[in-house]
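All remarks here apply to the structure that follows.
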Number of protein chains: 4
Amino acid sequence: MIVILKPGIPSSEVEIISEALSEQWNVKVEKSVGQHKTVLGLIGETALLHKDQIQNMNPWIEQVLRIEEPFKRASLGFRHGQASTVKVSTPNGDVDFGKNHPLVIVAGPCSVENEEMIVETAKRVKAAGAKFLRGGAYKPRTSPYSFQGHGESALEMLDAARSATGLGIITEVMDTADLEAVAEVADVLQVGARNMQNFALLKKVGAQDKPVLLKRGISATVKDWLMAAEYVLSEGNPNVILCERGIRTFDRQYTRNTLDLSVIPVLRTLTHLPIMIDPSHGTGKSEFVPPMAKASVAAGTDALMIEVHPNPAKALSDGPQSMTPNQFDALAAELLPQRVPALV
Amino acid sequence: MIVILKPGIPSSEVEIISEALSEQWNVKVEKSVGQHKTVLGLIGETALLHKDQIQNMNPWIEQVLRIEEPFKRASLGFRHGQASTVKVSTPNGDVDFGKNHPLVIVAGPCSVENEEMIVETAKRVKAAGAKFLRGGAYKPRTSPYSFQGHGESALEMLDAARSATGLGIITEVMDTADLEAVAEVADVLQVGARNMQNFALLKKVGAQDKPVLLKRGISATVKDWLMAAEYVLSEGNPNVILCERGIRTFDRQYTRNTLDLSVIPVLRTLTHLPIMIDPSHGTGKSEFVPPMAKASVAAGTDALMIEVHPNPAKALSDGPQSMTPNQFDALAAELLPQRVPALV
Amino acid sequence: MIVILKPGIPSSEVEIISEALSEQWNVKVEKSVGQHKTVLGLIGETALLHKDQIQNMNPWIEQVLRIEEPFKRASLGFRHGQASTVKVSTPNGDVDFGKNHPLVIVAGPCSVENEEMIVETAKRVKAAGAKFLRGGAYKPRTSPYSFQGHGESALEMLDAARSATGLGIITEVMDTADLEAVAEVADVLQVGARNMQNFALLKKVGAQDKPVLLKRGISATVKDWLMAAEYVLSEGNPNVILCERGIRTFDRQYTRNTLDLSVIPVLRTLTHLPIMIDPSHGTGKSEFVPPMAKASVAAGTDALMIEVHPNPAKALSDGPQSMTPNQFDALAAELLPQRVPALV
Amino acid sequence: MIVILKPGIPSSEVEIISEALSEQWNVKVEKSVGQHKTVLGLIGETALLHKDQIQNMNPWIEQVLRIEEPFKRASLGFRHGQASTVKVSTPNGDVDFGKNHPLVIVAGPCSVENEEMIVETAKRVKAAGAKFLRGGAYKPRTSPYSFQGHGESALEMLDAARSATGLGIITEVMDTADLEAVAEVADVLQVGARNMQNFALLKKVGAQDKPVLLKRGISATVKDWLMAAEYVLSEGNPNVILCERGIRTFDRQYTRNTLDLSVIPVLRTLTHLPIMIDPSHGTGKSEFVPPMAKASVAAGTDALMIEVHPNPAKALSDGPQSMTPNQFDALAAELLPQRVPALV
């Protein structure tokens, strides 16, 4: 951080400010004296500082400028520029998520409707090459009158699908009160877009062992998103996967959200964490999923999450964005050979 | 809802669709047959229906159009066009929020820092005319490294401030696990902008008795917001106050958010619920609070929430948007006489 | 501007960069040498510089930070903190726009439909207290199949309305080719939201004498807007009025745009130019105009632009947002006494 | 369009409304009478109608719903579902833009700086496989103090580059007054994002023969964009190419705009017009261009526009988003073989 002092500041005030900074915030203060202005550089854990609080310390402070990112464990520099691998155990063996690994596909229905449908879907997506089954037991719905998920009984159905196929399970946890039950079944815990800044939940998934899939909030900046990841990381859980699923913009007529694929190269310059793209929520229409899935792979995503339902027309939620198993077969066959992982 | 059928549909298919609609969704179906097109009108609890699910029922369905709002208990029609009153008990007596009551001012610091500061602030804002003290015990912060609130001990300090002044207490609950503890002290439970679609939390505050202050999410549409209120109402708690605190737009350089004051007349046409405006979060700068507070009152708000801190420069959070007690005195003196409540 | 150099830069490179900066950009360079980092401060016409171009000058440059605004003639500092007055001659006498003058109301229909309606409307709005008549001769319409305005013949009708009432005329110019014809009739030239960054047009209205009403583009930041004003000012025309008319956000269901009233206090801290608010376009519905007009005055606007049509139901454009003359009478009677101009 | 009448409407009023609709708007009106509600279907050129004007016709009208798109010549149905080809003559032969043709690459600098640089760049991009040279003679710049382009003399330099290489020329026209001069040199006229709703300009480029590249405005919805294309088409020029170059969203920290690649599949369902993507403006950083260019091709774009500058660090505009000729060589070599045009 850079603190610019006002012209004409007495040198005694410069000393007062420098000492206050180094004492209060535990940073090293480096003074640069020019003819008209004096500039202080702060060295240390500046990610923990807030511009406004420094600004308010002393009326001789003209401006405070941040010149580094406020996230730390999520930053690329934290791993010296090396991408991290999130390794997930599944009955079929370990699956690695990351820049240096093959494309991972997660597929399944929006919500778990009954045991037959979830087991059947699991078999189909496994046959097509998916490594994980997605499916909601607890569903965040805009309306209280919409289907809210089957809850605990759906967790049992997911467990049955896991036993039947060996696929890993990714499912959402919406409430800290459900965490233990969900973590018993899930191989990866999903924190949904609407809960991306539910900090109580982030802290608790950070304090347990299962890997976390962190969906980007619909109006979260990339920085907000990485700060949410930082919550999980700072509690001790290093296994976070970032999932883009579309942001909210002024145009919502033909797509449900605006899928922001530029986050792929942007995140590569900022963080070591693996990247997943969800073109199903990103577009909201199954016919738009294949082109956007291909685009995601071309842009370098590490993983994809795709909604597949045995009968989208009868789905209890998100039918319009769900592919049929046959459509998914064709797409997976096209995608899986394409991803040549970068060399380690 | 209106279901438009494709030209050339056989009359047998019209029957099949009509019956399926009335059976599956428990609505009355009214058929309008024209020369080229047949249109079905659905009458009943259509707030519970989803366009997409109906669309997917049958390939002869051309389009499904919603012609009524998806919220019900929150709608103005639910109370036959009459504004509701949210009455809150405080040690100083009942306070009424609503279109037909005088302006209510809620004031206090962003977070409860220590007992002395919160009691002192409470005394000052009470003297200026505020009826409620705000103050965060649990703080949602973008960074895990920022001050997170003093938690339970802050709740005790709020209780002390309440005893000392008789003001009602409004404070945020962030996690269902803390609900009981917060509800013991708070006279109104605040659900923050980041948790506006934390549906687990909404259901639980809806299933208890304390009134709820529901802040609008930074990217929530008015409809999303009213649907979130519907979650609380549908669980049985009729006492919801809606609080606008700024939305996220493309311009974030000079204000923290964009305060959307047009929600005041918009909400009046849609809902019976009382309206509060928070110009402190809405602008992020204390110097912008007085003009926006005056504008809010001129546009007809029922209540205001304003951040006041005895020493904004030393605040542990949100210092730049906090007014001093003296500044607040002057503002409240200007605002309180202005609001002439509409006649009942 | 502040140029931060990388640690370890040889002093010869510091000299090379300093000289290049002062030669290429004609600024004074002030060097501040610290223990680890050297910082260069640039003094002079830095509004003309671009961060990126400086960043690219030399690989030893770590970061370039702008610490002042890129606009100059539009800035508050350009007039040493004093608000400017835009004085407009009308047949009824000079009208002053600015912080230190009474509220000015501009009213009239979206488009000039025929001579009778525009003269009649002019008489009504004059009687209610408006000082200017608005009315489009050339209309920017989203669809090529919508009414595009009567063009030159409408200018003649506006001239007739001016003769009949003595009101000043504000009308939009959409094409540099029409500038001369429009300027012959208009007392104030309006540049519409869609043309806010039509730089060819801005330069030409800047190179003539009539005052300019510059509407904010629907996705223009406050900075973009002031830079557009700077185009006009830098061509020699000092008479620019800024008009907020709503921005485009994610929520467009109940209002046409989101009226951003916080620009009023924000602009007061940045610029000396007068401010107008257009709640008709800002909300898109006539019933929302009175509360938002009152809010604008409470927040300190210098002027209001309000759409009035003798028969909104038959209007060729923007009927839903037009008030009737009777509705406008009532609103103007409430608004005009309220504005107490700030002391000079 | 569907007009829903209020319950209890007398049949005489239904007749009055039906006749007024068919007379005023020249549409066929089809009546559907149900038990409680009567619905009118409007058949004909409903693209030309406005909901609000119909709504205002009669107080018995409850709601007006649009069930078809407001654009016509731009719609996919206008060509019976067939993609159109925009054929452009260049000295090197005709180049076809469209879904059924190979990928076309347009490359070159942001602005034409001098003859040597533009000829040199043209040779390099031609050698790499580009078919068109881009380069601005007239530059829309946010600041009046930034380089505004060399104007007419730059047009001569583009002409020289065309002679030297045989590449087609794409350059922007910003003012109707310059149209003739620009059209003399350009093979394709570019209408920039800031002028996408400069309707005077759209009409004039629609009334001449050169193909038009229509960039999407930064806050234009897909519908606004297609309506802007409709302006050009309705004036008689059928040769319009649509170019996505990023939209403005709430997050502008790491990319200049948000490149909306989902427009590719969306536009395929709405329009027959060819599609181009500009990842240079879309991201604003040259390092993000290759992944987004690959993603664009994977999603099915017909053409790409890429900024290339012989020395980005010295560019007079947009240096940070320009690739070097060597970087462009590598990218083009990867992209050009990939696009397998769809079968005719």
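The values are calculated or read from the model by the stated rules, or taken from the named source; none is laboratory data. None of these values were measured; they are calculated from a predicted model. With ideal geometry, Cβ positions are generated from the backbone for all residues, glycine too; neighbour counts draw on all protein chains shown. All accessible areas refer to the heavy atoms of the entire protein, side chains included, with ligands and DNA or RNA removed. Shrake-Rupley method; radii C 1.70, N 1.55, O 1.52, S 1.80 Å.
Before moving on, here are some points about what is shown:
- The residues of the range C:35-44 that are of a type outside the set (S, T, N, Q) and open to solvent by 40 Å² or more (accessible area, probe 1.4 Å), listed by number, are C:36, C:37, C:43, C:44.
- Filtered residue count, the range C:70-79, keeping only those that are aromatic (Phe, Trp, Tyr) and open to solvent by less than 40 Å² (accessible area, probe 1.4 Å): 1
- Leading residue by the ranking (surrounded by the most Cβ atoms within 10 Å (Cβ to Cβ)) among those in the range D:1-18 that are of a type outside the set (Val, Ile, Thr) and away from chain B (no Cβ under 14 Å): D:13
- Which listed residue, of B:122, B:128, B:83, is within 30 Å of residue B:162 (Cα to Cα), touching a residue at least 24 places away in the same chain (Cβ under 8 Å) and in contact with a Phe, Trp or Tyr (Cβ under 7 Å, 6 or more places away or on another chain): B:128
- Extreme residue, nearest to the chain's Cα centre (by Cα), among residues of the range C:320-330 that are in contact (Cβ under 8 Å) with a residue 60 or more places away in the chain and in a helix (DSSP H, G or I): C:321
- Residues being more than 10 Å from every other protein chain (Cβ to nearest Cβ) and within 20 Å of residue D:181 (Cα to Cα) - total across the range D:125-148: 6
- Residue ID - farthest from the other protein chains (Cβ to nearest Cβ), chosen from residues in the range D:19-30 that are open to solvent by 50 Å² or more (accessible area, probe 1.4 Å) and part of a helix (DSSP H, G or I): D:19
- Any hit, the range B:86-100, residues being crowded, with 24+ Cβ neighbours inside 10 Å, out of contact with any helix residue (DSSP H, G or I) (no Cβ under 7 Å at 6 or more places or on another chain) and assigned to a loop (DSSP other than H, G, I, E, B): no
- Subset of the range D:45-67 that is open to solvent by 40 Å² or more (accessible area, probe 1.4 Å) and within 12 Å of chain B (Cβ to nearest Cβ) - its residue that is farthest from residue D:8 (Cα to Cα): D:66
- Members of the range D:282-294 found to be in contact with a Leu (Cβ under 8 Å, 6 or more places away or on another chain), open to solvent by 20 Å² or more (accessible area, probe 1.4 Å) and more than 7 Å from chain A (Cβ to nearest Cβ), listed by number: D:290
- In the set D:256, D:252, only one residue is in a loop (DSSP other than H, G, I, E, B), facing chain C (nearest Cβ under 10 Å), basic (Lys, Arg) and surrounded by fewer than 24 Cβ atoms within 10 Å (Cβ to Cβ); that residue is D:252.
- Tally, over the range B:259-280, of residues that are at the interface with chain C (Cβ under 9 Å from one of its Cβ atoms) and touching a His at 6+ places or on another chain (Cβ under 9 Å): 1
- The range B:294-315: number of residues that are closer than 30 Å to residue B:147 by Cβ, part of a helix (DSSP H, G or I) and under 20 Å from the mean Cα position of the chain (by Cα): 1
- Conditions (1) of a type outside the set (Ser, Thr, Tyr); (2) in contact with a Gly (Cβ under 6 Å, 6 or more places away or on another chain); (3) at pLDDT 90 or above; number of the one not met by residue D:81: (2)
- Selection within the range B:190-219 - small (Gly, Ala, Ser), within 11 Å of chain A (Cβ to nearest Cβ) and open to solvent by 10 Å² or more (accessible area, probe 1.4 Å): B:193, B:200, B:219
Residues checked against (1) assigned to a loop (DSSP other than H, G, I, E, B); (2) closer than 21 Å to residue D:32 by Cβ; (3) over 29 Å from the mean Cα position of the chain (by Cα); (4) not assigned by the TED database to the domain that holds residue B:236:
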{"residue": "B:32", "(1), (2), (3), (4)": "no, yes, yes, yes"}
{"residue": "B:39", "(1), (2), (3), (4)": "no, yes, yes, yes"}
{"residue": "B:42", "(1), (2), (3), (4)": "no, yes, yes, yes"}
{"residue": "B:54", "(1), (2), (3), (4)": "no, yes, yes, yes"}
{"residue": "B:58", "(1), (2), (3), (4)": "yes, yes, yes, yes"}
{"residue": "B:71", "(1), (2), (3), (4)": "yes, no, no, yes"}
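- Of the candidates C:297, C:308, the single residue that is modelled with pLDDT of 95 or more, open to solvent by less than 10 Å² (accessible area, probe 1.4 Å) and in the same structural domain as residue C:87 (by the TED database) is C:308.
- Residue under evaluation residue B:82, criteria (1) crowded, with 19+ Cβ neighbours inside 10 Å; (2) under 30 Å from residue B:101 (Cα atoms); (3) not charged (D, E, K, R), criterion not met: (1)
- For the range D:267-281, the condition of being free of Cβ contacts under 8 Å to residues at least 40 places away in the same chain, open to solvent by less than 20 Å² (accessible area, probe 1.4 Å) and more than 13 Å from residue D:103 (Cβ to Cβ) holds for at least one residue.
- Any chance residue A:138 is open to solvent by 20 Å² or more (accessible area, probe 1.4 Å), under 27 Å from residue B:232 (Cβ atoms) and in contact (Cβ under 8 Å) with a residue 12 or more places away in the chain: yes
- So residue B:324, is it among the β-branched types (Val, Ile, Thr) and either over 27 Å from residue B:114 (Cα atoms) or surrounded by fewer than 22 Cβ atoms within 10 Å (Cβ to Cβ) (or both): yes
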